[in-house]
Structure formats: C-alpha cells, structure tokens
Amino acid sequence: MKWIRKGAAVLIAVLALSFVTFLAFQVLPGDPAMMKLGTNATPEALEALREEMGLNDPMIVRYGRWLGGVLKGDFGESLHYKMPVSELLWQVLPNTLLLAGMSILMILVIAFPLGLLYARFPGSAVDRTGAVVNQTMMAVPAFFLGLVISVVLGLWLKVFMPGAFVSYDEGLGACLAYLIFPALAIAIPKAAMTVRFLRSALLTERSKDYVRTARSKGLTEGKVLMLHMLPNALPGVRTFIGVIVSEIIAGSIVVEQVFGVNGLGRLLVRSISNRDYNVVQAIVLYIGIVVLLVNSSAETE
Amino acid sequence: MKKFFACFLLLVSAMTALCACKGGTKDPEDELKGGAVVIGITQDLDSLDPHKAVAAGTREVLYNIFEGLVKPDKDGKLVPAVAESYEISADGKTYTFVLRDGVKFHNGETVTADDVVYSLNRCAGRLENPDPEVQVVAAFSVISDITASKNGDKDVVTVTLASPNTELIGYFTCNIVPKNYADQAKSPVGTGPFKFVSYKPMDSLVMERFEDYHGEKAHLAKVTFSISESADAAFLKLQAGNIDIFPYLTVDQAEQLKDQFNIEVGSMSLVQGLFLNNARKPFDDIRVRQAVNYAVDKAEVLQMLNGGYGTAIGSGVYSTFGLYYDGGLANLYAHDEAKAKELLAAAGYADGFTFTVKVPSNYTYHVQTAEVLANQLKKVGITMKIELIEWASWLSDVYKGHDCDATIIGLDSQLAPSDILKYYVGGSTKNFINYTSDEFDRIYKEAQATVDTNAKVELYHQLQACLANDAASVFLQSPSLMVAVNKKLAGYTFYPVYVQDMASVYFKD
C-alpha cells in the first residue's frame, strides 16, 4: 500500500514537472523554426516550417500530443538534429551514467575510510587537520575543481588530455580513463560532505548506552566502531547518500561542460539554446524520474 | 577498516592502469597516406544538408564536401567547379553553364544535368513540394526558367531570368546534390574534395579524401572537425595537442600559443558594426548617429580586440570584397570627441543619453567589442548598457522583431555585393536597423541590373557612401582572423568568404 502511494506521488510529481517545463518554453523568447532558418528566413518559410514542426497548435494540444507519445514510449523527433530523441539520448546517456557511477564509487571509497578514521580519533591532530581540509573541499564548487584538475593534472602534469573525451561506444577503456578526472571533480566536494556527515553520525552514537555496554564487554575501540556504531549510523547516512546520488545523476551538467564530456548535461544545455523542446522535455523527464525515485527509496522507513 | 583501505588502493591502482592504456587519436596508417588533421570548431552543425545549413559555422565545414557550379577561390574570384565554363549574356538575362565531364558524386554516380537542374530548383524554392527547411536563395526569385540541353556531347544548363541581374553568378555556388536523394541530412553526398564519413552531434564530423575528385585532390587522408562547447574548451584541447588547427583565437590566446603553433592572420570577411535602430529615439536623429560615430575610436577597437590586426571600415562592405569595397570611407568620422559632443548638443542631448545594446552572448568577440565601445561612448556622456541575450533571442527579437536600440553583430555575405548590402533596403524584413533612404533603394536596384563592371562598381561605391553619409550605423571593422596551425602543417589558406578549406592543407615532411 505504501509503495502504491509512493508511486502515485512520484507519477503526479513527474506530470507536474513535465507540464511546468512545457510552460517555461512558452515564456522564453525565440522559437525552434527561427533557430533553424536563421538570418535568411523569410516570413513564409518560417510559417511553413512552424506548421511542419507542429508549433502552430495551441499549447495544450501540443502537450497532449507529446504526453500521448511518451506513454507509448515515443519521445518524438529532435527539432534540431532531425533524429529520434531516444536515439540522441542513447548516444549520450551511457557517458553520463558512467560518470555518475564512477563519482559515486569514488565518494564511497573516499568518504568511508576517512569518516571512520576521524570518528575513531575525535579531537586528535588527524581529526583536526582533516576537518580543515574537509571544510575547504566542501566549499569548492565542482566546476572550479574541474578547471583546477584540467590545468594541473592535464596541462602541467600531462596525466590526461583535457577535452580528448572518447565516447563509450568508441572505446570503453579510454572513456573510463578520461572520466576519472571529471568524476574526481564531482566526487571530492560530495565526499567531503559525506565524511562530515558520517563522522558526526558516528559520534552521536558514541555516547549512547549500547556503546558503553559493548566497551565493557572488552571489545576493542575499533571493533566497537565497526560492529556496533557503524550499523546504527548507517540508515541516516543512507538517506544522505541518496540525496547526493540524485544530485549527481541530475547535476553533472556543469562538470560535463568543463571537461567536454559528451553527456546528458551538455545535450540539455545545447538543446535549451536551440529551443529543441522535444529533447529538453525528455531529459527533464528523465532527471525528474531519477531524482524522485532515488529520493523516495532512500527515505528512511 | 583494513578492508576499506585495501579497496581504496585497488581502485587507485585500477585508475592508474586505465590511465596508462589511454588511446591516441591518430592512426599511424593515416599519416602515411597523407595524414589526419583535427580542426577545432565551436559551433555545432545545424544541418548536414547544404541547402538547409544556415550557420556560417556549418557552411565553413560543408565547403569541403560540396561544390556549386562555381566556387570561390582564395582571391574571391569565382572559378568553375561542377561547371567547366559559364557565360552571362550581354543583357544579363541568360546564364549558360557547360558541365564538366565525368564529375562524380561521393556515392560513385556521375553528376548529370538533371542533378544540377534539381539542385538549382531546390535552392530557388521551385520544386513542386518544397521542403520548408530548405533555405531558399532570395536572389533566385528572378529566375524564370532552368533547362538542361546538349551541345554536342556536352551537357549544358541554361538559367533564364525575368529581369537582368549580372550578379547572380555569385549565388551559383549553390551546392550540387544528387537528385531526389532523401538522406542528405544524415549522410551527405556531394562532389567536393572530401567525402563524409560520420557525424556525432556535439562531438565531431569526420571526412576523408575523395579519390575520384575531378580537380586537384586533397593532400590529407582524413579530417576531423572536433566540436567544442566553447572557445575556452577548444583552447584547452589546443594546448594539450588534441587539435591541429583552430581558427578563432583571441589576441591573448594567440600570444600564449605562439611558441607551440604557427599563428596565421587573415580576415574574417565580416562587417562588424554597432548597428543602431534608425527608427527609435534618439537614433532617428542623424546628428545623434553621427555623434556616436565620432565618439567611437576604431583604432582602439582594433588594438584591444585584434592586437592591431584587422581593417577599420566606414560602410557596409568588408575590406576583402575586392573592387566593390570602398576603403576611402573608413575615415569619414575620424575619432573626435569634441565634435561628437557638439552634435549631441545640437540634437538636444547636451547631457548625453542612455541606451541598451543587445549582444548575442555566444559571440565572445562581440561581447568584448561592446565593453570597449561602452567605455568610449562614456567619454562623450553616452551610457551604453550591455544586455547579453541568447542567440535564439537575438534571432527572434532583434533580427526578426527589429526590437532593440542597438546591437553588435558581424554580417557575412555571398560573393555578390548586393548580398552584403541587402540589410539596408527599405521595407525588407532583413532591414533590422530600419534604415530608410529612397536614394539607396533606387541605386541598389540599378546596381543589380547594371551589366558593365565599372559602372556597377561605381554604383556600389555610391551605396556605401549613402550608408556612411547617413551614419546608418557605426561600421566598425573587418575583424582579423587568427588561426593556430600545427607547426608540421602548411598550406592553410584564407578566403574572402567564411570557409575552412582543408584540401590545401598538407604535412611538411
């Protein structure tokens, strides 16, 4: 029953979201026919193209037509690239998912050891230095970190070539190797947040009764931390990570631009400036669904 | 905890391993066959069908794949391409093209007179069911008939006009495509020195040498146009050695790259201007427009934006237009702040005024120009507010809606002087500055119909004088084009139209 209610809530939210996006394009200046024909457009040619693109119908009719298509799994055709939206998405979506997957992996791998380490020795020199580094990393925006990584690792140390992105279908190895760097840019600030959250969640547990009991049984501090405190702190951490995951899946847009990753974010930005409604709609819908699903499944029961 | 650290180490080592096996972009085999070159562009292509492509950034790429009956050479002359020769009748009403024998399309088929007639009809919007996306060449509206015939064993295509126009030849660069080929936008087929291989939106377009090309074959075996999101991203790729040629450097970038690359300097073949809405206050007063002209210091603009390169202009034709360009007008409004203030006072704006300039934000160059100009205008009491707008908004509001006080943009052109001056014809939808002059309209008509070259040049000079004397806008400059070229390459050539000719580029040994 609860799942049905959750599902219905997600559905309504997605519908509302798609409608709002549709509305947003009504108030934006510029139209796709104009973008396509540019400075040589004659009024007659514009009119003919608008008719062909189906832009002359009332907004509600167009929305209904679009929604009907989506329910049948048809996202329509890109007004700009003249290819099915789904085909366009499939060209870039795997790149974005790989980037997201790698970032999440990095966050986990960086955050857990550090969080546990700081919680094990609270107030120690390690913890205090860690807190400063952590605070700094949290404050750095991902795109700025991206630029720093491009310049330092790319241009100075020549570990990778900025901009030499290889799409997944042209070589998975090279694609993954390149994605390490944008993934780092995404992962570092988020990992810093996770470290802090994990540390404080563990420290809250520290003063609880069961911890004292465990210690009095003669368990080492390390075992108390790993076997007793961590499992109890996890539900809260899980929710927190859920939020981060949805942020990453939805929000690697800026980092994709910095590193020239041919992903969903770049397609979204391009399509907005092309006024390519069909593509934007599909991407917004995808992001909306992912965010809602991840968030609702990460909610503590 | 040990487990976590083990995991971490494992991941780090996996990453290092992945880094090590990163693939290079160049195939050694290509090097042997003439080489592979990557050229950076910053605009995605708007269509692969040459008759649908609008953006100058697309046409410069497709130039390598397609040709017209004639094509421009580096001096701005039209040379026969798919046609072997052409003739314009003395009355300016009949164009006769003799087709070259055995020109092949990239799909292996031979170009026929039918294909040529089809292509011209398509560009002229004369097909029975015209595709609304095809860019109809407005100048072709004077065509009354296009026919194919035989002269001995030669195919001949004759174009008849309803009224004389000797400049139409510049528009026969209209690309020749196979008749009724439906997949042009996905897998383009032309007759140019390179044939299309693949295209990935927002990523790249790859072409390779066409071995059956009728003219001098290209040197390079493979050319990749790599699409970057911005000039900054492309600049990173350049520094990393991922791009061999990049055509739109800023002065600062050129300075930084000069050890790593050859920097070639040419002209962008654009009229860059601060275009003033002649129908809107205060620019409806010629004295105000003249004052703005006097207030602008073009030499400083050239210095700040191009490091001194580029050519200051004084009217609506760019400096690489050959005979038709009138260079004498550039100094009509020599920088003079006192005079500007005088004119402003006479027009009733002794205390200056405020206006907004709309600048398309995707063109960094124009945005920087706006900043320089705002500073200059401030000195005579004029406050120019800069409003950055998206390209889509520029097209719909400024270009189509004529809704702005002023804008900064670069205008490009076909190789016909009537094309670069079409923006100032009264009543035209393209007249986005709302310039009105009966004299201009009359001479414009007369010039198009004039057959004698000298008389024609004279009339086009008069048109430029009209625009300059009326201070229709502030015509700034033909910007310089700074291109970074890999030091191993030679043969990069500038054209007076907006193209990137890759057929002339080769590797020095």
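Descriptive notes on the structure:
- Single unsatisfied condition, residue B:168 versus (1) within 27 Å of the chain's Cα centre (by Cα); (2) without any contact (Cβ under 8 Å) to a residue 60 or more places away in the chain: (2)
- Pair list, Cβ < 8 Å and 6+ apart or interchain, from region B:220-246 residues that are among the acidic types (Asp, Glu) to residues that are part of a loop (DSSP other than H, G, I, E, B) and surrounded by 24 or more Cβ atoms within 10 Å (Cβ to Cβ): B:229/A:260
- Options B:302, B:388: the member that is in contact (Cβ under 8 Å) with a residue 12 or more places away in the chain and touching a Gly at 6+ places or on another chain (Cβ under 6 Å): B:302
- From B:472, B:468, residue being assigned to a loop (DSSP other than H, G, I, E, B), at pLDDT 95 or above, in contact with a strand residue (DSSP E or B) (Cβ under 8 Å, 6 or more places away or on another chain) and crowded, with 20+ Cβ neighbours inside 10 Å: B:472
- Of all the criteria given as (1) within 12 Å of another protein chain (Cβ to nearest Cβ); (2) farther than 23 Å from residue A:39 by Cα, the one not satisfied by residue B:390 is (2).
- When residues in region B:475-509 are screened for being in a loop (DSSP other than H, G, I, E, B) and on the phi < 0 side of the Ramachandran plot, 19 of them pass.
- With respect to the conditions (1) in contact with a Ser or Thr (Cβ under 6 Å, 6 or more places away or on another chain); (2) crowded, with 22+ Cβ neighbours inside 10 Å; (3) not charged (D, E, K, R), residue B:272 falls short on a single one, namely (1).
- Members of region B:166-195 that are more than 18 Å from residue B:500 (Cβ to Cβ), within 14 Å of chain A (Cβ to nearest Cβ) and in a loop (DSSP other than H, G, I, E, B): B:174, B:182, B:183, B:184, B:185, B:186, B:187
- Of all residues in region B:43-94 being within 14 Å of chain A (Cβ to nearest Cβ) and β-branched (Val, Ile, Thr), the one that is nearest to residue B:109 (Cα to Cα): B:58
- Test: residue in region A:83-96 that is within 10 Å of another protein chain (Cβ to nearest Cβ) and among the small types (Gly, Ala, Ser): no
- Here residue B:417 passes the criteria (1) more than 14 Å from chain A (Cβ to nearest Cβ); (2) surrounded by fewer than 19 Cβ atoms within 10 Å (Cβ to Cβ); (3) in contact (Cβ under 8 Å) with a residue 12 or more places away in the chain; (4) not aliphatic (A, V, I, L, M) except the one numbered (2).
- Residue within region A:58-67 that is in a helix (DSSP H, G or I), modelled with pLDDT of 85 or more, surrounded by 15 or more Cβ atoms within 10 Å (Cβ to Cβ) and within 12 Å of chain B (Cβ to nearest Cβ) present: no
- Whichever residue in region B:381-406 is among the β-branched types (Val, Ile, Thr) and in a strand (DSSP E or B) and, among such residues, is farthest from residue A:26 (Cα to Cα): B:383
- Region A:152-171, subset within 10 Å of chain B (Cβ to nearest Cβ) and out of contact with any helix residue (DSSP H, G or I) (no Cβ under 8 Å at 6 or more places or on another chain), residue farthest from residue A:128 (Cα to Cα): A:170
- Considering each residue of region B:315-333 in turn, none proves to be modelled with pLDDT under 90, assigned to a loop (DSSP other than H, G, I, E, B) and within 14 Å of chain A (Cβ to nearest Cβ).
- Pair list, Cβ under 7 Å, 6 or more apart: region B:117-146 residue at pLDDT 95 or above, other residue surrounded by fewer than 21 Cβ atoms within 10 Å (Cβ to Cβ) and of a type in the set (Gly, Ala, Ser): B:117/B:148
- In region A:97-119, residue farthest from the other protein chains (Cβ to nearest Cβ) [restricted to those that are without any contact (Cβ under 8 Å) to a residue 40 or more places away in the chain and over 20 Å from the mean Cα position of the chain (by Cα)]: A:117
- Restricting region A:31-47 to residues that are more than 7 Å from chain B (Cβ to nearest Cβ) and buried (at least 17 other Cβ atoms within 10 Å of the Cβ), the residue that is nearest to the chain's Cα centre (by Cα): A:32
- Filtered residues of region A:182-225 (kept if hydrophobic (A, V, I, L, M, F, W, C), over 30 Å from the mean Cα position of the chain (by Cα) and assigned to a helix (DSSP H, G or I)): A:211, A:214, A:224, A:225
The values are calculated or read from the model by the stated rules, or taken from the named source; none is laboratory data. Please read all numbers here as calculations on a predicted model, not as lab measurements. Every residue, glycine as well, gets a Cβ built from its backbone with ideal geometry; the counts of neighbours run over all protein chains shown.
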